[in-house]
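A short write-up of the structure that comes next.
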Amino acid sequence: MIQRSLILVSFVFLSNLSIGQNKMDWREEYSLRLSDFQSTASQVNDTLKMHSYAAGTAIEFIYQMSNYEFMFTKNFNSKVRSTFNKNASYISTPDSTIAKDLVAFAQYSFDLSELYARNLRKQIFEKKKTLSNARFFRPIYDDIVATLNEESTKVFTQFNFGKNKEVLFLAHQKVKEDILLLSDFCKACKPLKR
């Protein structure tokens, strides 16, 4: 008898999850815009007194297959997604310049999420064995999420709502370079077997 397995792991970073789904997958050629922040909390209005921000970026790992299929599957690249949920993302600020700065930070966060999704794909590919348990990825995932949180929080704190653009620029350049180094682990890629 074939048993079906369904595993859903989702990490939502700096976001409020909304029930309505308006997610888009990470694409190298796409840059986020202010119009992508579609939560009702989004507004740029000079009567506001404070800045508020949430980017609904997430790393999702979803697969469904029989135990037999799982046993012989090595490449899970297509099962790991880096997403941006428009409905869960907002920018609320009195200043349009800060709004642009926060969009730039959100793009960094989205790219960082893709980098860590590629790291997850790579580690799953390298560590998955024929007799691996269906939960073998859990410690890998937990470690990646912890590192992603730490890195993003550090850069966001140093970025200081756009007052230190150089920090963001340098961090973003590094993320883009690292994404290129993991080009075999894009969502649609098939890494070469060793």
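Coordinate-derived values only; no laboratory data. Predicted model, so just to flag it, every value in this text is computed and none were measured. Quick reminder, even Gly has a Cβ in these numbers, built from the backbone with ideal geometry, and neighbours come from all protein chains shown.
Worth a mention:
- Cα gyration tensor shape for the stretch 81-193, rounded if a/c is under 1.5, else prolate or oblate: prolate
- Pairs of lysines in the stretch 126-194 (C-alpha under 18 Å apart; 8 or more residues apart or interchain): 15
- Whole-number D in µm² s⁻¹ for the stretch 137-194, Kirkwood Cα-pair radius fed into Stokes-Einstein, 4 °C, 1.567 mPa s: 96
- Scaled against the 2.2 N^0.38 Å expected of a compact globular protein of N residues, the Cα radius of gyration of the chain reads 1.11.
- Test item: Cα-centred dipole of the chain, Lys/Arg +1 and Asp/Glu -1 on Cβ, debye: 820
- Calculated SAXS-style log₁₀ I(q)/I(0) at q = 0.21, 0.22, 0.26, 0.31 Å⁻¹ - the stretch 22-76, Debye, Cα scatterers: -0.94, -0.99, -1.16, -1.37
- Cα lying deepest toward the dipole's positive end in the chain, options Tyr68, Ala117, Leu170, charges on Cβ: Tyr68
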